[in-house]
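Take a look at the structure set out below.
We did not get these values from a lab; they are worked out from the coordinates using the rules stated. No experiment lies behind these values; they were computed from the predicted model shown. Glycine gets a Cβ as well: all are built from the backbone with ideal geometry, and neighbour counts include every protein chain shown.
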Amino acid sequence: MKTIYKLYYAILYPIIWLLFAIKPINRENVPEGPALVCANHSSYLDIPLLSFAFGIKHYLRYVAKKELLEIPVFGWLIKKAGTIGIGRGKADISAIKEIMRALKEGYKVAIFPEGTRVRDDSAAAKTGAIMIAAKTGVPLIPVNISRKKRLFRKTTIIIGQPYRLERIKGGTEAYESYASDLMSRINNLRNEK
């Protein structure tokens, strides 16, 4: 998986860098070891932009809707790079177990808490990242990717301070509160430009 990821990275990096002039901010915030990387999501470009902002040293395994893994050729390629498919609209226990296994093995897993592409800051975060972080104890890394991406213009990706959650007491409302806080942290990073 890592080899395929690095191959894609090497092929796509000069193209994406030329087209979107990636400007990562606070890369020093990326810790060694496992973490849940949580970013806002407005475009399919967010995936290579996030990878390039973290650098080749930090291999990211992405969580994506299962349907993407079923697309001929493309699905096979992203699966070979370590993408974890998840069913949307219900608790996908096998995908959650795979994410937790990847974290236990020391990987960084990238997840988009909004659950889909969103053009503005209006969407509420899903609670999956919060539940996984609370159960595994790995840090959450909030990341803000500029929602406006224009060819040959600077695209800013701001990496926030990692933080950990303690075991969460309470039901759905408690998880939703922590998810809302995560989304606020992601959106507020825009002010650090």
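What list of ³J(HN,Hα) values in whole Hz, one per residue of the stretch 19-25 in order, does the Karplus curve 6.51 cos²θ - 1.76 cosθ + 1.60 (θ = phi - 60°) give from phi, with Gly and Pro shown as x?
So the J values, rounded to whole Hz, are 6, 10, 6, 4, 10, x, 10.
Amide H of ARG61: which non-local residues (sequence gap of 5 or more, or other chain) have their own amide H closer than 5 Å, using H built in the peptide plane?
Under 5 Å from the amide H of ARG61 lie the amide H atoms of LYS108, VAL109, ALA110, each far enough along the sequence or on another chain.
Among HIS41, HIS58, which comes first, second and so on when ranked by fewest other beta-carbon atoms within 10 Å?
HIS58, HIS41
Would you mind calculating the gained length between ASN191 and ARG150 on full extension (0.36 nm times residue separation, minus the Cα-Cα distance), in nm to one decimal?
In short, 12.8 nm is gained.
Each residue of the stretch 2-9 in order: what ³J(HN,Hα) in whole Hz does its phi give by Karplus 6.51 cos²θ - 1.76 cosθ + 1.60, θ = phi - 60°, with x for Gly and Pro?
Ordered by residue, 3J(HN,Hα) equals 4, 5, 5, 4, 5, 5, 4, 4 Hz.
Roughly how many debye, to the nearest 20, is the charge dipole of the chain about its Cα centre, given +1 on each Lys and Arg Cβ, -1 on each Asp and Glu Cβ, and no other charges?
460
Could you tell me what percent of the DSSP beta bridges with both partners in the stretch 2-192 are antiparallel, to the nearest 5?
20
Using the number of other C-beta atoms within 10 angstrom as an exposure proxy, rank LEU50, LEU68 with the fewest first.
Ordered by Cβ neighbours within 10 Å, fewest first: LEU68, LEU50.
Given points 7 Å out from each Cα along the Cα-Cβ axis, report the ILE168 to GLU67 separation in nanometres with one decimal.
With each label point 7 Å from Cα toward Cβ, the separation is 2.6 nm.
Return the sequence-ordered ³J(HN,Hα) values of the stretch 138-148 in whole Hz as given by the Karplus equation 6.51 cos²θ - 1.76 cosθ + 1.60 applied to θ = phi - 60°, using x for Gly and Pro.
Along the stretch 138-148, the couplings run 6, x, 9, 10, x, 9, 10, 9, 3, 6, 9 Hz.
Kirkwood-based Rg over Rh for the chain (C-alpha set), two decimals?
0.93
Simple spin-label model, 7 Å along Cα-to-Cβ: LYS135 to PHE74 in nm?
Result: 3.0 nm between the two label points.
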